[in-house]
Amino acid sequence: MIHIALHFVVPLLVAGTLYRRYWKRATVVQWATMIVDADHLLATPIYDPARCSIGFHPLHTGLAIAVYVLLCVVPLVFMARSEEKEASVAHMVHWVGLGLLIHMALDGLDCVV
Ligand SMILES: [Zn+2]
């Protein structure tokens, strides 16, 4: 239960700290990345509290995480150049990548605890 709560609290804290101007949108976009757990539907059993998700589920593998790093980092270039007052597409893509990386980090905690 704490694990699930962290999936809501950590993105909220990150959005409130780093993206204060857009904190609501940044939070919602990061929360939406929890859809990545749809890959659990491919596993049998679908939920196993003793299983480490990282490296097991297709969207929780090293290759997927590398893509999430790119989604998080590449938009930073465009965000730095942007003079828009509103959150841009680059912001959205960045938050998707960031949300996915936070998700993987929190799932990874289950693998070491
Ligand atoms: Zn997960």
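Please treat every number below as a calculation from the coordinates, not as lab data. These numbers were taken from a predicted model, which means no experiment stands behind them. Glycine gets a Cβ as well: all are built from the backbone with ideal geometry, and neighbour counts include every protein chain shown.
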Of the residues in the stretch 46-69 that are surrounded by 12 or more Cβ atoms within 10 Å (Cβ to Cβ) and more than 14 Å from the ligand (Cβ to nearest atom), the one that is nearest to HIS103 (Cα to Cα) is VAL69
By residue number, the members of the stretch 14-31 that are over 20 Å from LEU76 (Cβ atoms) and either hydroxyl-bearing (Ser, Thr, Tyr) or over 12 Å from the mean Cα position of the chain (by Cα) (or both) are LYS24
If you go through ALA15, ALA43, the only one that is touching a residue at least 12 places away in the same chain (Cβ under 8 Å) and away from the ligand (no atom under 14 Å from the Cβ) is ALA15
Filtering helices (runs of 4 or more DSSP H) wholly in the stretch 1-91 for at least 2 residues that are within 16 Å of GLY108 (Cβ to Cβ) gives 2-18, 62-81
